[in-house]
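Visitor: Supplied in structure tokens, the structure appears directly below.
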Amino acid sequence: MYKILKKEELAPGVKLIEVHAPLIAQKAKPGQFVILRVNEKGERIPLTIADINLNLESIIIVFQEIGKTTKLLGKLREGEKILDLVGPLGTPSEIENFGTVIGVGGGVGIAALYPILKALKEKENYIISILGARSKNYLIFKDKIEEISDEIYLATDDGSLGHKGFVSDVLKSILDSGKKVDRIWAIGPTIMMKVISELTKPYGIKTIVSLNPIMIDGTGMCGGCRVNIGNKTMFTCVDGPEFDGHLVNFDELLLRLKTYKEEEQTALKLLEEGEGSKVVSK
Ligand SMILES: Cc1cc2nc3c(=O)[nH]c(=O)nc-3n(C[C@H](O)[C@H](O)[C@H](O)COP(=O)(O)OP(=O)(O)OC[C@H]3O[C@@H](n4cnc5c(N)ncnc54)[C@H](O)[C@@H]3O)c2cc1C
Ligand code: FES
């Protein structure tokens, strides 16, 4: 059982929890994630380790409440416990001195980008951050990212903060300015990572994305998280979650993400009608 030490609402429907998990906190590296189960009847869901606190032997997770499990997780209070937490999982990010790195974060993906940019800053890279969200209320981790960035640009769909439009517009104008960029990380909704990867390909700048297919066991055994990378089948949980964005078959990934839409909607409806909570309280 893993105790929730702290809980915060960062934006509407976006929550941060700090969970006591000494072994995971000691081993976790940027880019890695955990798989958790809220309770005995719960499904396993993967969530990125957004930060670690070695003093409290804890890990920080930021999640968007979109379906049954993330909503159940969001209902837990400080002092309550999560049943299972497995990790750290996945291959850590490649952290080196590349030179100039641009980090593009969208929505809740900004939290996943943070530990990577922080580690890249420690390796003395010049960090340019581009953060985007629907509106300024959804722009999470802005201050934390600002602290480790040499330059930071913001974009909102409604123009309530920064550039009115997409992160890809901001990235394009930086690349068109002729600035030498050595590597790009893009983490956010799948469609955003697809657009960014298509944008950077002609510039020939290696672009790393962090994929979020459905996962089940997290060990490379079930095949649930398979993705097509350069026409080869790979498993996101062990070979990723980071891949070269120029090699990812995003259209296949977007299709696979829709596979269980109907079941997900039914599970959410049952939870909202009280059925789900009956199941979980057993
Ligand atoms: C490596 C990895 C890291 C992730 N990190 C974060 C994070 O830090 N913060 C965050 O908010 N989200 C993260 N996600 C996505 C998160 O796992 C899903 O939002 C969550 O599983 C949704 O569960 P649900 O029951 O609430 O919603 P559901 O109703 O089950 O699903 C809603 C949507 O979530 C996706 N989804 C459902 N089940 C899974 C699953 N087992 N694995 C992956 N995606 C699924 C599908 O696209 C689905 O359409 C990550 C995913 C992966 C693969
Ligand atoms: S989640 Fe089962 S192979 Fe990756």
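The values are calculated or read from the model by the stated rules, or taken from the named source; none is laboratory data. Because the structure is a prediction, the values reported are computed rather than measured. Cβ sites come from the backbone with ideal geometry, for glycine too, and all protein chains shown count toward neighbours. Keep in mind that these areas ignore ligands, DNA and RNA; they rest on the heavy atoms of the full protein, side chains included. Shrake-Rupley method; radii C 1.70, N 1.55, O 1.52, S 1.80 Å.
Visitor: Of the candidates Gly230, Gly178, Gly31, which one comes out as most mobile in a Gaussian network treatment of the chain with C-alpha springs shorter than 10 Å?
Guide: Gly178
Visitor: Kirkwood hydrodynamic radius of the chain from all distinct Cα pairs, in Å? Walk me through the intermediate numbers first.
Guide: Values: mean 1/r = 0.0518 Å⁻¹.
By the Kirkwood definition, the hydrodynamic radius is 19.3 Å.
Visitor: Work out from phi, with θ = phi - 60° and the Karplus expression 6.51 cos²θ - 1.76 cosθ + 1.60, the ³J(HN,Hα) of each residue of the range 187-198, listed in order in whole Hz, and give x for Gly and Pro.
Guide: Calculated HN-Hα couplings, in order: 9, x, x, 3, 5, 5, 5, 5, 4, 5, 5, 5 Hz.
Visitor: Considering only Cα-Cα distances, which of the following residue pairs are longer than 18 Å: Lys41/Lys75; Lys118/Lys144; Lys27/Lys142? Working shown, then result.
Guide: On the way: Lys41/Lys75 16 Å; Lys118/Lys144 9 Å; Lys27/Lys142 26 Å.
Checking Cα-Cα distances, Lys27/Lys142 exceed 18 Å.
Visitor: Using +1 at the C-beta of Lys and Arg and -1 at the C-beta of Asp and Glu, which of Leu120, Cys222, Pro92 has the Cα lying farthest in the positive direction of the dipole of the chain?
Guide: So the residue we want is Cys222.
Visitor: Of all the C-alpha pairs in the range 25-70, what % are more than 18 Å from each other?
Guide: Values: 352 of 1035 pairs.
Value for the range 25-70: 34 percent of Cα pairs lie more than 18 Å apart.
Visitor: Could you work out the helix-only [θ] at 222 nm for the chain, with each DSSP H run of four or more residues adding -39,500 (n - 2.57) and the total divided by the number of residues, to the nearest 500 deg cm²/dmol? Don't skip to the answer; put the middle values down first.
Guide: Details: 10 runs with 85 residues, N = 282.
Roughly -8500 deg cm²/dmol at 222 nm, from the helical runs in the chain.
Visitor: I would also like to ask the following. For a quick check, take a GNM of the chain with Cα springs below 10 Å and name the residue from Lys68, Lys206, Lys179 with the largest mean-square fluctuation.
Guide: The residue with the greatest mean-square fluctuation here is Lys179.
Visitor: Rounded to the nearest 20 debye, what is the charge dipole size of the range 1-124 about its Cα centre when +1 sits on each Lys and Arg Cβ and -1 on each Asp and Glu Cβ? Don't jump to the answer; show the numbers that get you there.
Guide: Details: 17 positive and 15 negative charges, 76 e Å.
In debye, rounded to 20, the range 1-124 gives about 360.
Visitor: On a 0 to 90 degree scale, rounded to 10, what angle separates helix 167-176 from the longest Cα axis of the chain?
Guide: Tilt relative to the chain: about 20 degrees.
Visitor: While we're here: Please list the non-local residues whose amide H lies under 5 Å from the amide H of His246, H modeled 1.01 Å from N, same-chain partners needing a gap of 5 or more.
Guide: Answer set, sorted by chain and number: Thr207.
Visitor: How big is D, in µm² s⁻¹, for the range 102-159 by Stokes-Einstein at 37 °C and 0.692 mPa s if Rh is the Kirkwood radius over C-alpha pairs?
Guide: Values: Rh = 11.1 Å.
Value of D from the Cα-based Kirkwood radius: 295 µm²/s.
Visitor: Given a 1.4 angstrom probe, what's the average accessible area per residue across the chain, in square angstrom? Spell out each step's value before the answer.
Guide: Details: 13750 Å² over 282 residues.
Here the per-residue accessible area is 49 Å².
Visitor: How much of the accessible area of the chain, probe 1.4 Å, is carbon plus sulfur, in whole percent? Numbers along the way, then the final one.
Guide: Numbers: 6980 of 13750 Å².
Of the solvent-accessible surface of the chain, carbon and sulfur hold 51 percent.
Visitor: Rounded to the nearest 0.05, what FRET efficiency do Lys41 and Lys179 have when you use their Cβ-Cβ distance and R0 = 45 Å?
Guide: Values: r = 52 Å, r/R0 = 1.15.
Once the sixth-power term is evaluated, E becomes 0.30.
Visitor: Cross-link partners among aspartates and glutamates for Lys6, C-alpha distance below 12 Å, same-chain residues fewer than 8 apart left out?
Guide: Cα-Cα hits under 12 Å: Glu18, Glu78, Glu80.
Visitor: Another one. Nearest 20 debye, what's the magnitude of the dipole of the chain about its Cα centre given +1 on Lys and Arg Cβ and -1 on Asp and Glu Cβ? Intermediate results must be reported in sequence, preceding the final value.
Guide: On the way: 37 positive and 38 negative charges, 69 e Å.
For this selection, approximately 340 debye.
Visitor: Considering the convex hull of the alpha carbon atoms of the range 1-159, report its projected area averaged over all viewing directions, in nm², one decimal. The partial results should precede the final answer.
Guide: Details: hull surface 36.6 nm².
Projected over every direction and averaged, the Cα hull of the range 1-159 covers 9.1 nm².
Visitor: A further question follows. Which far-off residues, 5 or more places away or on another chain, put their amide H under 5 Å from the one on Leu76, with H placed in the peptide plane?
Guide: Counting only residues 5 or more places away or on other chains, the set is empty.
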